[in-house]
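Chemist: Let me give you the structure first, and then I'll get to my questions.
Throughout, read-outs are computed from the coordinates displayed, never taken from laboratory work. Predicted model only: the values in this text are computed from it and were never measured. Here the Cβ positions follow ideal geometry from the backbone for every residue, glycine too, while neighbour counts run over all protein chains shown.
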Amino acid sequence: MKPTREHAANNAQTYFVTSDTWERRALFHAEPWARLFFKVLLSHRGDAYLLHEFVLMPVHFHLLITPFAALERAIQLINGGFSYQVKKELGSNAEIWRRGFADHRIRECEDYDKHVHYIHLNPVKKPLCARPEEYRYSSALPGWKLDPVPQGLKPEHFIGTMSGTTEVVPFQSGDKPWLKPESAIGTARGTGEAELFQSLENKETQELERAHAT
């Protein structure tokens, strides 16, 4: 059985969270769905959680968030709120989310840095882009307005791309965010970084399987 989470309201804990679409359907290939997801995600920022990093992939999303109350409540606002808005605005009654979600509590700056790096490299590794900052549904894209790294988790040497402080609308370009380049070069070229990415991906898969089994 999955251990009980600590109450985030008292401890201001930061979490790495992953949620899959139902049957891993590529719902977010469609721009209206991606646009609506960000509308919901950003609508609760500052009220229900701090949003530090994110990436929206065709079949799942990753977040680094610090919820103000229980983590489950924050994810319910995102996933449940999105499902409601899909029915209301897009007229779809389709099943959207796979049951449960995976989470990992961030305990130190190195751990935070690794997960930022993982989030930024996710679309590069698939491969959906050549460099993290080219993927417009990721916090690696310069210009997203995000909450700062929590106190106590700021690494001396930050691996990930630092985010800007102004709003950006990543839906105006005619570029397709999921067009595969001829070669996904990315920033993770070293063997050590590749092993780190694979290790975190394996751990994430295990956490998701446990979440779906409970």
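Chemist: Hey, which of these cross-link pairs are over 26 Å Cα-Cα: 126/154; 125/145; 114/145?
Modeler: Beyond 26 Å between Cα atoms: 126/154.
Chemist: Give me, ordered by chain and number, the residues 5 or more places off residue 45 or on other chains with an amide H under 5 Å from its own placed amide H.
Modeler: Distant-sequence amide H within range of residue 45: zero hits.
Chemist: Moving on. Going by amide H atoms built from the backbone, whose H comes under 5 Å of the H on residue 60, apart from near neighbours?
Modeler: The answer is 21.
Chemist: With θ set to phi - 60° and the Karplus curve 6.51 cos²θ - 1.76 cosθ + 1.60, what are the ³J(HN,Hα) couplings of the range 54-65 in order, to the nearest whole Hz, using x for Gly and Pro?
Modeler: Here the 3J(HN,Hα) series is 6, 8, 9, 9, x, 10, 6, 9, 10, 9, 10, 9 Hz.
Chemist: Right, another one. Which cross-chain or sequence-distant (5 or more) residues have an amide H under 5 Å from the amide H of residue 97, H modelled 1.01 Å from N in plane?
Modeler: Amide H neighbours of residue 97: 22.
Chemist: Kindly provide the trypsin sites (Lys or Arg not before Pro) of the range 60-133 that DSSP labels as loop, not H, G, I, E or B, and whose Cβ sees at most 13 other Cβ atoms within 10 Å. Walk me through the intermediate numbers first.
Modeler: Working: sites: 73, 87, 88, 98, 99, 105, 107, 114, 125; in loops: 98, 99, 107.
Those satisfying the criteria are 99, 107.
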